[in-house]
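Below is one structure, written out as structure tokens; the observations come after it.
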Amino acid sequence: QGKVHLELKLNELITDNGSVCQQLVVHIKECHGLPLINGQNCDPYATVSLVGPSRNDQKKTKVKKKTSNPQFNETFYFEVTRSSSYTKKSQFQVEEEDIEKLEVRVDLWNNGNLVQDVFLGEIKVPVKVLRNDSFQAWYLLQPRENGNKSSKTDDLGSLRLNICYTEDCVLPSEYYASLRNLLLKSSDVQPISASAAYILSEVCRDKYDAVLPLVRLLLHHHKLVPFVAAVAELDLKDTPEANTVFRGNSLATRCVDEMMKIVGKHYLKVTLKPVIDEICESPKPCEIDPIKLREGDNVEINMENLRYYVDKVFREIVRSSISCPTLMCDVFYSLRHLAAKRFPNDPHVQYSAVSSFVFLRFFAVAVVSPHTFHLRPHHPDAQTSRTLTLISKAIQTLGSWGSLTKSKLSSFKETFMCEFFKTFQEEKFTESVKKFLDDVSSTESREPSGLSEPVHLKEGEMYKRAQGRTRIGKKNFKKRWFCLTSREFTYHKQQDKEPIFTIPIKNILAVEKLDESSFNKKNMFQVLHGEKPLYIQANNCVEASEWIEALCRVTRCNQKRLSFYHPSAFLNGNWLCCKATIENTVGCARCTAVETQIIFLYRETERIYSLFTINISKLQKLEEACGSIAVYQGPRKEPDDYSNFTIEDSVATFHTLKQIIDIVEKLNESHEKYRKKRSSSAKYGSE
């Protein structure tokens, strides 16, 4: 954490006896953003070393008091190569072998006075990069190197990457108004295949490229549910059998998948994180495949372990309907009734339509890949990963409506899984799934019962400013133990003690950074709720960002979230940021979450414009095809370029295509003007 500004130079000197010597000049100018020590600015100093195979020359700066941005401006000189080491052939050059082995190391320390000095960070610069030039740059401080490194780098293996870089030039919001309005009207267009959003998915080579920005845009403007219902109805028209409902990768299924990932993150964490933590941190052997059993394994014990885990995960899922986000319930409600309408003679299709998403595409996927959904920080080891895979298979089967019947079990490819599932042939599992699917596909309002245990999300030691006091200063900040759960945010005098102060999650209105000028302290943030703001100081900027992110994530669905806040504190009768004298006046800055969301929406609209631009030739061919169909109604003898596209109404589709192409052409002109303006105002060497 923090960075240091260095200037390095190699000088050539002639000694008294006439020989040539190289001298390294290290000018340490300043540092910025050094970490706090116990919540206070540190007393930093730097050690500058020239390190080689047989030397370690070290020099030290003066100590700077109480600052995280020290100005050192000290210069140190080191002899790089001694005159005796030169031969006649190379006496006017720096020896290659010496340069290759030497490096400049700068270590930053906090002066501990009577206690041990605290290491703040280090940087290393090879001398060989200098040659005879002056070199000046800012360097980010790094943690101290761990000596337990592999002696052979080739032991680590290799990694092949496919990297795609995309640059979007996002214009002001007014440029996208026409495109945005056209996309938002998609759910009202009849038929839905003639809408701009549907055409976007048709012309894109990979539907996922279109689905991601489209779902985010429709989600923000509360247009996702009617759009998903419309494309799902079209999807069901092409589904011949009830047992294959929503099993393909259509636009409807992709949209629901993406919606669940965005909306259901917190729901997954509340439901699965405790049991996933138990499985990963205290793993029990669960392998039941005879081919993969290791020597000494007992398949019966392993089956009991697996049954224990599956029961626990299944129980958490079927009890979680109260936590299911309203938007997900609304989508499931639409899918359920559309499926029942399409197959009126099948009483089970209404349930399989919902289970194909919530079990197969949501919970089962999160179980097998917990790191992808932020349920675990890292990818699990091989044995745990295998256990999660088996649990995921079991959850898919238990959640699939009617999968526990004898005819279904006999179709399993893996006989060991068939044997395992025979123990689940009980009426209660089917009834539990049915009740859960009824609950999550209902539009009735649901109030939390409060019986479920809160999920522990984050805890740690920080400093908080005493609330309700007017005097300021160091004594007004006290060290407290903070704890965040899915239900409340609390602080305590000490860990494992009763909370002194509690804020229910539903009462948090905003979480924002606080200007350093408010209390002359760094790494501060504020939690806005019904009473006075709670001002908190973290130990470093990383910790502060983690707390802000965690609090924002758990409160993002709160209905009364603020759009504006005050970046500074209310002190001595006025807000330091806007000088307003009324304490409860509306904030003077837009909340970060709101601002970020708006910027993201502009970016998503720009992304959609880019996709239309890339596929402009397809749009034009589709437009020609619609014109041809409208004129010639006879049979098509040969497949056309547009035979893979869905054209239900050629006139309506033609009308939408014309609007899309006109909008894209206008945006092309705006982007071209911006590019010309940018290129004319750019200066050589500027960023």
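Treat every Asp and Glu Cβ in the chain as -1 and every Lys and Arg Cβ as +1, leave all other atoms uncharged, and give the resulting dipole magnitude about the Cα centre to the nearest 20 debye.
Roughly 2040 debye for the chain.
The simple spin-label model puts a point 7 Å past each Cα toward its Cβ; for Val118 and Ser178 those points are separated by 5.9 nm.
For the chain, the 222 nm mean residue ellipticity estimated from helices alone, with every DSSP H stretch of n ≥ 4 adding -39500 (n - 2.57) and the total spread over all residues, rounds to -12000 deg cm²/dmol.
List the trypsin sites (Lys or Arg not before Pro) within segment 487-554 that DSSP assigns to loop and that have no more than 13 neighbouring Cβ atoms inside 10 Å.
Listed in order of number, the matching sites are Lys493, Lys497.
Heavy atoms of the protein chains alone define the surface here; on that basis segment 527-590 has 54 Å² accessible area per residue at 1.4 Å probe size. Seen against the Cα atoms of the chain and their longest principal axis, helix 650-681 is set at about 10 degrees. Compared with the dominant principal axis of the Cα atoms in the chain, helix 427-440 is inclined by about 70°.
Using a simple spin-label model with pseudo-atoms 7 Å out from Cα toward Cβ, Lys185 and Arg678 lie 3.1 nm apart.
Once the chymotrypsin sites (Phe, Trp or Tyr not before Pro) in DSSP loops with at most 10 neighbouring Cβ atoms within 10 Å are cut out of the chain, the longest remaining piece is 166-631. With Cβ to Cβ distances under 15 Å as the rule, what net charge do the other residues near Ala652 carry (K, R +1; D, E -1)? Charge balance near Ala652 sits at -3. Counting protein heavy atoms only, segment 356-403 has 56 percent of its accessible area on carbon and sulfur, 1.4 angstrom probe.
Per residue, how large is the accessible surface of segment 222-440? Use a 1.4 angstrom probe and give square angstrom.
That works out to 46 Å² per residue.
When mean projected area of the Cα convex hull in nm² is calculated for this entry, the matching label among [x] 44.7; [y] 38.4; [z] 32.4 is [x]. Taking 0.36 nm per residue of sequence separation and removing the Cα-Cα distance, the Lys579/Gln495 pair yields an extension gain of 26.4 nm. You can think of it this way: the chain between Ile262 and Lys237 has 6.2 nm of extra reach, that is 0.36 nm per residue less the Cα-Cα gap.
For the pair Arg319 and Thr415, label points projected 7 Å from Cα toward Cβ lie 3.8 nm apart. Backbone geometry of segment 117-124 corresponds, through the Karplus equation with coefficients 6.51, -1.76 and 1.60 at θ = phi - 60°, to 3J(HN,Hα) couplings of 5, 9, 6, 9, x, 8, 9, 10 Hz, x marking Gly and Pro. Take every Cα pair under 8 Å whose residues are at least 6 apart in sequence, average their separation, divide by the length of the chain, and the relative contact order is 11 percent. Measuring from a point 7 Å past the Cα of Glu488 along Cα-to-C-beta, which residues in segment 545-577 have an amide N at less than 18 Å? Taking a point 7 Å out along Cα→Cβ of Glu488, the residues of segment 545-577 whose backbone N falls under 18 Å are 551, 554-555. With R₀ fixed at 56 Å, the C-beta to C-beta distance from Asp311 to Ser670 puts the FRET efficiency at about 0.40. About its Cα centre, the dipole of segment 222-440 is roughly 460 debye, where the only charges are +1 on Lys and Arg Cβ and -1 on Asp and Glu Cβ.
The values are calculated or read from the model by the stated rules, or taken from the named source; none is laboratory data. Remember, predicted model here, so these are calculated numbers, not experimental data. Glycine gets a Cβ as well: all are built from the backbone with ideal geometry, and neighbour counts include every protein chain shown. Please note that ligands, DNA and RNA were not included when accessible areas were found on the heavy atoms of the full protein model with its side chains. Shrake-Rupley method; radii C 1.70, N 1.55, O 1.52, S 1.80 Å.
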